[in-house]
1. How large is the charge dipole for the stretch 309-474, taken about the Cα centre, if only the Cβ atoms of Lys, Arg (+1) and Asp, Glu (-1) carry charge, to the nearest 20 debye?
2. In terms of modelled amide H atoms, which long-range or inter-chain residues lie less than 5 Å from the amide H of residue 296?
3. Take the residue pairs 276/490; 375/473; 375/430 and return only those whose Cα atoms are more than 25 Å apart.
4. Hey, if we sort 65, 448, 461 by accessible area with the 1.4 Å probe, largest down, what's the order?
5. Using modelled backbone amide H atoms (1.01 Å from N, in-plane), which distant-in-sequence or interchain residues come within less than 5 Å of residue 456's amide H?
6. Any idea how far apart residue 247 and residue 390 come out in nm if each label point goes 7 Å out from Cα toward Cβ?
7. In nm, what is the difference between 0.36 nm times the number of residues separating residue 166 and residue 372 and their Cα-Cα distance?
8. Have a look at 339, 350, 386 and report the one farthest towards the positive end of the charge dipole of the stretch 309-474, computed about the Cα centre with Cβ charges (Lys/Arg +1, Asp/Glu -1).
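The values are calculated or read from the model by the stated rules, or taken from the named source; none is laboratory data. Model, not experiment: these values are computed from the prediction. Note: ideal-geometry Cβ built from the backbone for every residue, glycine included; neighbour counts use all protein chains shown. Just the protein is used for accessible areas: all its heavy atoms, side chains included, with ligands, DNA and RNA removed. Shrake-Rupley method; radii C 1.70, N 1.55, O 1.52, S 1.80 Å.
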Amino acid sequence: MRVRPCQAALAAAIALNLLLLLCSWWRGGGGTPPPSSSSPPCRPHRAVPGVTVLLRDFENFDNDLAGTARSFSSLPVPVLVTSETPPYPPVPLPPGVQFFPLRPLAENPPPSPERHIRTRHVALVPDGTRAVPGLLERMRDTLEDAADSENADAAVTTVVAAPVGTAPLRCLDLRVDPREWTARYGVGAPGFCRALEGPAVLLLRTRDFLALPFPLAQPVDSAIFIQAALRRWRLRVVPAAFPAARRAPMSPHNRWKKENLAENRRRRLMQDLGIKREVTADGGERWYGCAKDTPRCFGTVHAQTPEYLLAGRWTPPCCLRALRETARHVVGILENAGVRYWLEGGSLLGAARLGDIIPWDYDVDLGIYREDIGKCRWLAAATMAPVEDDEGFFWEKATEGEFYRVHYSRTNRLHVDLWPFYSRGGVMTKETWLGHPQDVEFPEKFLLPLVPMNFAGFTALAPNDPRAFLEFKFGSGAIENPEYPNPALKRWGRD
């Protein structure tokens, strides 16, 4: 039988509509695609009005998960529970409350929150919170009304919070500087917060929430606040509060477990977000970078350009702290031993410009008189074999040539380079040259005498005319005109 063109077109249209209907049925939960199917997923559904309650912050060993889920499932909202694995021991969740695991399994598809959160808004609810009819809707309306009224050029309200319990939330300012790997908290102005201190329900648009690189990272509040600050999102707090459940005091053992888990989660979060240092609102500091018993935060440096510089970042602050500590230690030992030394190269440049290490530098350079090596027992010992001193700093002769390195520790190879120079006819020279632009001979008159100079929080010795010395090595205007070590790879001002 001949098929006319119009009949073929009609059949194709019917087949397409059936396919779309089947796709919608799968998306709506009416069926599950066969595991062996490799066809692409259907087009994402359109978000429907409403708020999905997401329960993420709870501990397996001590929680109010069942009570919290039961309270919010009494409202006309979907409730989802999520964690890396199902709660253990098992928690009896109310009917209609779904659980989805975040840890991928080889036999299952990868976790996809967007398949479970179908509403236009999502609320992140802490464990032990009790629902209040209408409060989620009030938060949603606050979010949408604020977005409609704000100037298009200003930061847009993207997160709305409501406190949990009777204690008021503390409003904090939060500034995140990726280049310096640092998050700084301060006291926030009333009505204008970038972070909060205290338990709170956080409500966002689902599209904004799922667009975050780490939407379900823990601790949930810190993860949301830092990612929001990086995007200049605004946070608003509604005056109403959710009640907190009455719970028995946690046992000392469970409290210890919770504190350790919280610390580990925070460290993992900061590593994921690229934060090495937090400055708290009261002026304290929390560090998440390398220490004496861990490797340094970056690998081998090629072409004088560390990998973090290519990524638009400067030296991690934990590394700068370790370099300052190592430099102070080495200078103290050299001075006590009577070894003549001076700030060299980029370290002298940092001292002249900032009184500190250059923010993107990865080591400290000191020149020494070669004939003074024997005065220092650690240098003399390192000439024969690497040696660890009484405070855990590691001295060795460099494999690249005739100079020495003092490392922060055996494990952490942040270091101070010691360059042995000697005078030849009034000109200071040395045996090893690495081809750096500033690696040149210079008149000994710059060292006669040496003068004190502020550097990295202490006083070190330096050439007697630092400007002339630096311009002799780097060129005119070296102090006033910053430049990265290898402009061919990365130029200053083009981050």
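1. Numbers: 18 positive and 23 negative charges, 40 e Å.
About 200 debye.
2. Amide H neighbours of residue 296, under 5 Å, 5+ apart: 413, 414.
3. On the way: 276/490 23 Å; 375/473 29 Å; 375/430 19 Å.
Beyond 25 Å between Cα atoms: 375/473.
4. 448, 461, 65
5. So residue 456 has HN proximity to 356, 357.
6. 5.0
7. On the way: separation 206, 0.36 × 206 = 74.16 nm, distance 6.82 nm.
Net length gain for the segment: 67.3 nm.
8. 350
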